[in-house]
């Protein structure tokens, strides 16, 4: 090393201590996943020195990789124990899918933008997460033939919770999604399916995500 290359492992552990555990994330599986997944492998090369900073980063095509704390919070809200099947919507560069794949049994991920789907697939394979199943398409439609899912995580803001996604939850499953009537400002909500017809909704505060574009999202 020439002294200018960041020591990513140390930065990763510092991120977990300060940004994740330090801000109230207590799920040990999430903390371990955040400490294991190499975030530097999922950001553009010219931004690797900022990989462990406490803010989102641009990844191209008008999209971003979410702030580490937000990725951890959404993963914690899914309450994964290790045997679940999870749908990840808005793959982006693949980072959240990798975190979820470190916790869950199976991860299915959908990215709308072809260039990002290709980027994410390469990132996931190089980082050792080739078990994530990916497709390019409209995430608001979910992945019906693979449903039901024990968890669904949506990394884009919807005008309302898509009924299509609620119906792809297993009973007891959780859907974590930013929802807001205006693009760029949402509330993070967690929908838990109590029975075939009953859903419980919890609100976890203000967030800012790119718009969820699709048939059941923004046009």
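No value in this document is a laboratory result; all are computed from the given coordinates. As the structure is a prediction and not an experimental result, all values here were calculated from the model. When we count neighbours, we look across all protein chains shown, and the Cβ atoms used for this are built from the backbone with ideal geometry, even at glycine.
Legend: calculated FRET efficiency, residue 45 to residue 218, from the Cβ-Cβ distance at R0 = 35 Å, rounded to 0.05, equals 0.70. Where only DSSP H runs of four or more residues are counted, the chain gives -6500 deg cm²/dmol as its mean residue ellipticity at 222 nm, each run worth -39500 (n - 2.57).
Applying D = kT/(6 pi eta Rh) to segment 62-219, where Rh is the Kirkwood radius over alpha-carbon pairs, T corresponds to 25 °C and eta to 0.890 mPa s, the Stokes-Einstein value obtained is 162 µm²/s.
Each of 196, 138 was scored by other Cβ atoms within 10 Å of its Cβ. Arranged with the fewest first, they read 196, 138.
In terms of other Cβ atoms within 10 Å, 49, 109, 102, 93 run from fewest to most in the order 49, 102, 93, 109. Multiplying the residue separation of residue 29 and residue 130 by 0.36 nm and removing their Cα-Cα distance gives an extension gain of 34.4 nm. Between the C-alpha center of segment 131-173 and that of segment 8-25 there is a gap of 29 Å. Among 199, 209, 8, sorting on how many other beta-carbon atoms sit within 10 Å of each Cβ, with the fewest leading, yields 199, 8, 209. Counting only DSSP beta bridges with both residues in the chain, the antiparallel share comes to about 45 percent. Per-residue extension of 0.36 nm, minus the Cα-Cα distance of residue 11 and residue 181, leaves a gain of 57.5 nm for this segment.
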